[in-house]
Amino acid sequence: MKLRKTLLISVLSLFSVASIAQEKFHNVAITAIVEHPALDTIRKGVVEELAKEGFVDGKNIKIDFQSAQGSTATAAQIARKFVGDKADIIIPITTPSAQPVVAATRSIPIVFSGVTDPVAAKLVKSWKPSGTNVTGISDHKDIEPQLSLIQTLVPNLKAIGYVYSAGEVNSAIVLDELKEAAKKANIQVIPVAVQRSADIGTATRSLNSKVQAIYISEDNAVVSAYEALHKAALEAKIPVIAADKDTVERGALAAYAVNQYDIGAETGKVAARILRGEKAGDIATHSVSKMELSINQNTAKELGITIPETLLKEAKSVF
């Protein structure tokens, strides 16, 4: 009897070892052009959603995160590193990280995240399934609701300043959309391009007395150095409307935007499907459409702006 029990335990142990051996361990590579709260929130959504889907870092996946620290040259090096490491899937966050990754491999599955216009960025040919190794989640949002928010907060609005990085495709696309929408409302848009994050404070001060509000998109160079912009705008008593909740928490007056965590979570869901065997090229690129209002009451008080009660009731987040 004792011998039989010992044999049974041995057999069960062998099955257990075999099961562990058969479980695939995936290398998940994640990269972002820079680290700032909005992009960190996207990454958090990716990792936590993967875990919900059964892909846990250190258990059956190994996550390798690399930041390009704002350098496109470094982003290209990271892309080549991931390909050389033979990652099972690559998740680039933002357009400047996605472009070199897509250029570096045509075989490793890619799920980009936080890209405003993946077609204009030449990541995919259309929003339909690409038939390639690329799919992803866009953070594109309609500009009209955001312009309407600015008009509500700044009733005397005649001109909007737009501070952006000249090298970011996303920011140029948003500028064109903003100009088109503002033209219909008879509002002037005054863009100021910056080459370096260090120039953001000076660029913001150049808008003093020219505009009644400043709008910033999810421009990585601008958002990563937002404090400089915020300080300059407060000095001039110009409200800043952002395109993400995290920047409102850092001091922007308001934002009507897609939740960054939701973008990351949706990216994680798509990545999980691919890790289970689906092909990236069979999954259509899509966006997260639900938009949320965020308001910073402290900034409103500093600027002497009274937030309408209707907006406070609508707001998902009030800081």
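The values are calculated or read from the model by the stated rules, or taken from the named source; none is laboratory data. Computed from a predicted model, the values in this text were never measured in an experiment. All Cβ positions, even for glycine, are placed from backbone atoms using ideal geometry, and neighbour counts span all protein chains on display.
Filtered by the rule that a residue be of a type in the set (A, V, I, L, M, F, W, C), crowded, with 18+ Cβ neighbours inside 10 Å and not in a loop (DSSP other than H, G, I, E, B), the range 190-221 gives VAL192, VAL194, ILE200, ALA203, ALA213, ILE214, ALA221. Among residues of the range 277-290 being of a type outside the set (Ser, Thr, Tyr) and touching a strand residue (DSSP E or B) at 6+ places or on another chain (Cβ under 6 Å), the one that is nearest to ALA243 (Cα to Cα) is VAL288. The set of residues from the range 204-231 being of a type outside the set (Ser, Thr, Tyr) and within 18 Å of VAL34 (Cβ to Cβ) comprises ILE216, GLU218, ASP219, ASN220, ALA221, VAL222, VAL223, ALA225, GLU227, ALA228, LEU229, HIS230. The requirement of being acidic (Asp, Glu), surrounded by fewer than 24 Cβ atoms within 10 Å (Cβ to Cβ) and touching a residue at least 12 places away in the same chain (Cβ under 8 Å) is satisfied by GLU249.
Quick grid of which residues meet (1) closer than 21 Å to ILE173 by Cβ; (2) among the basic types (Lys, Arg); (3) surrounded by fewer than 16 Cβ atoms within 10 Å (Cβ to Cβ); (4) within 23 Å of the chain's Cα centre (by Cα):
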| position | (1), (2), (3), (4) |
| --- | --- |
| LYS237 | no, yes, yes, no |
| VAL240 | yes, no, no, yes |
| ALA255 | yes, no, no, yes |
| VAL258 | yes, no, no, yes |
| TYR261 | no, no, no, yes |
| VAL270 | no, no, no, yes |
| ARG273 | no, yes, no, yes |
| SER287 | yes, no, no, yes |
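For the range 133-166, filtered to residues that are within 30 Å of PRO109 (Cβ to Cβ) and modelled with pLDDT of 95 or more, the residue that is surrounded by the most Cβ atoms within 10 Å (Cβ to Cβ) is ILE137. Scanning the range 45-83 for residues that are under 29 Å from SER197 (Cβ atoms), of a type in the set (A, V, I, L, M) and assigned to a loop (DSSP other than H, G, I, E, B) yields one hit, ALA68. So is SER130 at pLDDT below 95 and among the polar types (S, T, N, Q) or not? The answer is no for SER130.
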